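The values are calculated or read from the model by the stated rules, or taken from the named source; none is laboratory data. It should be emphasised that the depicted structure is a prediction, and the values quoted were computed from it without experimental measurement. Backbone-built Cβ (ideal geometry, glycine too); neighbour counts: all protein chains shown. What goes into the accessible areas is simple: the full protein's heavy atoms, side chains included, and nothing from ligands, DNA or RNA. Shrake-Rupley method; radii C 1.70, N 1.55, O 1.52, S 1.80 Å.
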Amino acid sequence: MPDTSLHPLRRALHKFWAPVPWMLEAAVLLELALGKYVEAAIIAALLAFNAVLGLFQESRAQATLAALKSRLALSAAVRRDGVWKTIPAAELVVGDQVKLSLGGVVAADVTLTDGEVLLDQSMLTGESAPIEAGAGVHTFAGALVRRGEAVAEVTATGVRTKFGRTAELVRTAHVASSQQQAVLRVVRNLAAFNGVVILLLVSYAYFLHLPLAQIVPLVLTAVLASIPVALPATFTLAAALGARVLAKQGVLPTRLTAVDEAGTTNVLCVDKTGTLTQNSLTVTSVQALHGLDESHVLALAALASSDGGQDPVDGAIRSAAAAKTAADAPKLITFVPFDPAKKMSEATATDASGAVQRIVKGAFAVVSGLVPSDPTAAAAAKGLEERGLRVLAVAAGAPAALQLVGLIALSDPPRADAAALVSELQGLGVLTVMATGDAPETAAIVARAVGIHGALFPAGPIPESVHPEQYAVYAGVLPEDKFKLVKAFQKDGHTVGMCGDGANDAPALRQAQIGIAVSTATDVAKSAAGMVLTEPGLACIVAAVKEGRITFQRIQTYTLNSIVKKTVTVLFLIAGLVMTGQAILTPLLMVIVMVAGDFLAMSLTTDNVRPSPTPNEWRIGRLTMAGVIVGICLLIFCTGVLAVGKYGLNLGIDALRTLAFVVLVFGGQASIYAIRERRHLWGTPPSLLLALSSIVDVGIASTLAVAGIAMTRLPAWLVAATLAAAVAFSFVLDLVKVQVFSHLFAAKGGTAADLAPHIATAAYELYERGGRKDGAAVQNWQTAESEIRMDLAKIPAQETRTEPHPGDQGRM
């Protein structure tokens, strides 16, 4: 597979090619052109700070490809010129004859031409049970040979194999995170609004016949005022703090964007084998016949099972037999391994009386042909198979008079906490969908066992447009199908999570907004995922969702704060120009406001918030509208204080500039405390770090103003009076804010997305109470339930509440 990694320098340069860096770079050039080297250095440092933090979010695609390569066979036994030799797997070509041996990894896509092998293809197909493969069977690169030996012909190599196509899907998989889209939309809205304002500002300055030497600094100040300089860094910091909390709960985020994406996820696709199940065959049921008990049936079956081999069926039976020992178990004499042609294994043993017994273990259809007909056993075997279990029959007795002694059913059982996970996610408004490479019958049974109720997707390719409410289980799917399914859900407007453990899940894990690899996952899956569970079990997924919603709300509050401040500052420049006929802020004062305000406000990433009860959603349009309304209120306050300074106190232009600086800082703090809580500002206490940052911000501004550092000094009483006015303003703004939020961010009503997790459960419980067990009734229930979902999908969202719920912070 080709190496597509980027040079580290090129990856670093990409961090300087985005809307926010462009604006900062333009500001640096303007400062240098004006000879203001200190201001240029400060802005350049801010630019570098954002870039360094952004590098923490680098893509893991190259690591995923490296892990995929490591899983492939490094060498292969091939017949060249009539001689068997070992060569590097990369040198294989189509048509080569290769040997498949016990414990080896298949080096290319091949078709078996001779011999019999037991193949474990779980890494690619997701099927937990290995398959018996003989002449004519096609298998894929990456499959593991569990038993036997065979010769095969190479049909595809490298990127043309199914494994290679999986690697290519991982490399090309990409979805823009909602965080990235939110930053771009906020910057776009601010740039459009502030661009118009700056044009008005320049036009009015020209109308006043201001000299160019005054207009250029005024424009520079306006440009600096409109840049949300710390917005990308705040997104990174909030996610990093959330990642730190999750690491203590057994979740290791490998991409920081996955933290807040967990808060917006409303659909979770889960793999079956190894994710919802334990990925290990276990004896589920033993039915003893003809007077024997379970321990004796298991003891006989264990004698006909290989000891220490790689066959998972034999291993499961031996483990079960060891847990239920029989006191007078027969003693093994000889053992004949499993014969793929006969589909059974057998053993010879002596019982307690010294008589020789022949023991046979294998498929029910084969073993039942060696013993007298037993309708009861046949019915029992059929019932077990209908439950999706793998059924083996055990026969024992004199060599010429075998008798069926029992049935053993095996399965890959669900994890103990899988059902609880599905239930908790449903309560949080996250719809769970199963996507597995296993057989439809087995997938449906496991789905019902863990609480995933709904229609089974019919066999066939995944369509480009499919709604997660339509089907609950997608079975028999390959890696590219899971990848397409995630993309289809994303195209439908959903934020999709994917939880898996194998290489076959890697493309979908990479494509999903939040890919989650369980603790037992392969290195391939872990490197493709955005989060890796470091502790056994699935409970950590719920913790990730809740922490993601907390992180989202903190980020959202800072975003709203940025919109308010950037709107106000640019408009305040116009108000100051109209009032004084001169620029009311210098570029240096604007840089100090940026550093003291934007970066100290990053403490909002530690604020106390309540997680939303439903998935979060970015509504940038309404968020911008709310920011503008709150900003207008802040503009009125700041302009009013400036008017008092000019017309009431007759301050000069330099003192007015200091007053403008002070009122922007104090007013900005007042707006933070008003908007951080969606209801009244006294609803929840601020975090200690937020309170300390406010004290530092106010302290710095007051000290600079009273001492006259970098500005004209103001009397201490005037600074204190301005601070008192800002405190009073925060309570007035709080009253306005509650009304604005109640109208713009009322919680949505019963939409299909809200109701979807509950529909299937209600339908299934109704079906269960009816006591119907026939296949037709199941299909009718599934069809009806699917139709209900599609009808609900047509119902528009209804605004059913006029006031935001305390927990609805994330729905803005």
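In the neighborhood of residue 303, defined by Cβ-to-Cβ distances under 12 Å, what is the net charge if each Lys or Arg adds +1 and each Asp or Glu adds -1?
So the surrounding residues net to 0.
Taking 0.36 nm per residue of separation and subtracting the Cα-Cα distance, what length does fully extending residue 90 through residue 619 add?
Computed gain between residue 90 and residue 619 is 185.4 nm.
Local charge sum around residue 703 (other residues, Cβ-Cβ under 14 Å, Lys/Arg +1, Asp/Glu -1)?
Summing Lys/Arg as +1 and Asp/Glu as -1 gives 0.
Pull up all non-local amide H partners of residue 114: gap of 5 or more, or a different chain, and H-to-H distance under 5 Å with H placed in the peptide plane.
When sequence neighbours closer than 5 places are left aside, the close amide H contacts are 151.
Using only the alpha carbons of region 484-529, determine the length spanned along each of the three principal axes and report them from longest to shortest in whole angstroms.
31, 15, 11
Which value, in Å² and to the nearest 10, is the accessible area of residue 296 when all protein chains are kept and the probe is 1.4 Å?
Around 50 Å² of this residue is reachable by solvent.
Could I have the simple spin-label model distance between residue 10 and residue 216, label points 7 Å from Cα toward Cβ, reported in nm to one decimal?
Computed distance between label sites residue 10 and residue 216 equals 3.8 nm.
About its Cα centre, what dipole magnitude does region 611-697 give when the only charges are +1 on Lys and Arg Cβ and -1 on Asp and Glu Cβ, stated in debye to the nearest 20?
200 debye
Output the peptides 363-374, 437-448 sorted from most to least packed, where packing is the average of other Cβ atoms within 10 Å over each peptide's residues.
Ranked from most to least packed, the peptides come out as 437-448, 363-374.
Once the piece of chain linking residue 712 and residue 80 is laid out straight, how much longer is it, given 0.36 nm per residue of separation minus the C-alpha distance between them?
Here the answer is 218.7 nm.
Hey, any idea what % of region 375-512's accessible area is carbon plus sulfur with a 1.4 Å probe?
55 percent
For residue 45, put the label point 7 Å out on the Cα→Cβ axis and report which residues of region 215-250 keep their amide N under 16 Å from it.
Within reach of a label on residue 45: 230.
Determine the per residue accessible area of region 332-385 with all protein chains present and a 1.4 angstrom probe, expressed in square angstrom.
52 Å²
Taking a 19 Å limit on the Cα-Cα distance, which of the listed pairs 248/546; 272/361; 162/484; 331/361; 482/526 fall beyond it?
In this structure, 272/361 exceed 19 Å between Cα atoms.
Over region 256-358, what is the relative contact order in percent, taking alpha-carbon pairs closer than 8 angstrom and at least six residues apart?
Result for region 256-358 is 19 percent.
Take the solvent-accessible surface of the protein heavy atoms, probe 1.4 Å, and return the percent of it on region 666-719 that carbon and sulfur atoms account for.
Roughly 77 percent of what the probe reaches on region 666-719 is carbon or sulfur.
Where Rh denotes the Kirkwood radius from the mean inverse Cα pair distance, what is Rg over Rh for region 532-669?
1.15
Under a plain spin-label model, where a point goes 7 Å from the Cα along Cα-to-Cβ, how far apart in nm are residue 649 and residue 333?
About 11.0 nm, to one decimal.
Taking the Cα centre of region 359-481 as origin, work out the dipole magnitude from +1 charges on Lys and Arg Cβ and -1 charges on Asp and Glu Cβ, in debye rounded to 20.
Dipole about the Cα centre, nearest 20: 540 debye.
Can you tell me the accessible area per residue over region 416-569, all protein chains present, probe 1.4 angstrom, in square angstrom?
26 Å²
Calculate, for region 629-704, the solvent-accessible area per residue in square angstrom, rolling a 1.4 angstrom probe over the heavy atoms of the protein chains.
Accessible area per residue: 37 Å².
Determine how large the accessible area of residue 554 is when every protein chain is in place; take a 1.4 Å probe and give Å² rounded to the nearest 10.
Here the residue's solvent-accessible area equals roughly 40 Å².
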